[in-house]
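**Student:** For reference, the structure I am asking about is given below.
The values are calculated or read from the model by the stated rules, or taken from the named source; none is laboratory data. None of these values were measured; they are calculated from a predicted model. Ideal geometry is used to build each Cβ from the backbone, glycine not excepted, and the neighbour counts take in all protein chains shown.
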Amino acid sequence: MVFIGIIGAIFLIDYFAKQKAEEELEERTTKKVANDKIVLQKLHNPGIAFGWFKGKENITVVGSAIAMGAMIISFLDIVFKKGKGVTKLGYAMIIGGGLNNLYERCMKGYVTDYFSFNVKFEKLKRLVFNISDMFILVGAVLVVFGKLFGNKDK
């Protein structure tokens, strides 16, 4: 099934990107790329998004595992009921990114974030992401879009 391949591909893409970030970037040192639009920097986040629950790593692992379980159940429900393709893609993106972040959180006690956007908005400028975070965000948008507007697969 193509969606299982998407989950695996997302997991592996960010797995190797995080390895490269660990090897080549210094913690809290920035490097601008893409005409200064993207800032590369290595940051270890022991919490969840926005650094929430920092110092409560057990809660982040358990919460992440529960969230991943819910996403997988929802994904399987959509797959077996011949759900909407865009919704399946969205769930696959969420699961691929979420599993990668959960894996790293379980193995290292933190998630490696390594890029941010060099924009005028200071709040957005300060946020540091990884590829899995981007897939989770886009996947969530696709799930909502698919549930609201998508057509049933034939």
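**Student:** Select from the stretch 102-128 the residues that are crowded, with 17+ Cβ neighbours inside 10 Å and without any contact (Cβ under 8 Å) to a residue 60 or more places away in the chain and list them in ascending order.
**Tutor:** Selection gives L102, R105.
**Student:** Then there's this: Determine the pairs where a residue that is part of a helix (DSSP H, G or I), located within the stretch 10-37, has a partner that is of a type in the set (G, A, S) and surrounded by fewer than 12 Cβ atoms within 10 Å (Cβ to Cβ) with Cβ atoms under 7 Å apart, the partner being 6 or more residues away or on another chain.
**Tutor:** So the pair list comes out empty.
**Student:** Something else: Answer with yes or no whether F145 is touching a residue at least 12 places away in the same chain (Cβ under 8 Å), hydrophobic (A, V, I, L, M, F, W, C) and under 25 Å from L25 (Cα atoms).
**Tutor:** Numbers: touching a residue at least 12 places away in the same chain (Cβ under 8 Å): yes; hydrophobic (A, V, I, L, M, F, W, C): yes; under 25 Å from L25 (Cα atoms): no.
No, not satisfied.
**Student:** To continue, here is another question. Working carefully through the options K54, K32, K18, K37, find the one that is surrounded by 11 or more Cβ atoms within 10 Å (Cβ to Cβ) and over 15 Å from R105 (Cβ atoms). Spell out how you get there, then give the answer.
**Tutor:** Details: K54 fails: over 15 Å from R105 (Cβ atoms); K18 fails: over 15 Å from R105 (Cβ atoms); K37 fails: surrounded by 11 or more Cβ atoms within 10 Å (Cβ to Cβ).
The match here is K32.
**Student:** Looking at I94, I66, which is the one that is closer than 27 Å to L142 by Cα, buried (at least 21 other Cβ atoms within 10 Å of the Cβ) and of a type in the set (V, I, T)? Explain how you work it out, then say what you get.
**Tutor:** Numbers: I66 fails: buried (at least 21 other Cβ atoms within 10 Å of the Cβ).
Answer to the selection: I94.
**Student:** Can you confirm whether the stretch 87-110 contains a residue that is part of a loop (DSSP other than H, G, I, E, B) and either under 21 Å from D14 (Cβ atoms) or touching a His at 6+ places or on another chain (Cβ under 8 Å) (or both)?
**Tutor:** Taking every residue of the stretch 87-110 in turn, at least one turns out to be part of a loop (DSSP other than H, G, I, E, B) and either under 21 Å from D14 (Cβ atoms) or touching a His at 6+ places or on another chain (Cβ under 8 Å) (or both).
Rundown of residues vs (1) modelled with pLDDT of 90 or more; (2) acidic (D, E); (3) touching a strand residue (DSSP E or B) at 6+ places or on another chain (Cβ under 8 Å), yes/no style:
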site: G8; (1), (2), (3): yes, no, no
site: Y15; (1), (2), (3): yes, no, no
site: T29; (1), (2), (3): no, no, yes
site: F50; (1), (2), (3): no, no, no
site: F53; (1), (2), (3): no, no, no
site: A70; (1), (2), (3): yes, no, no
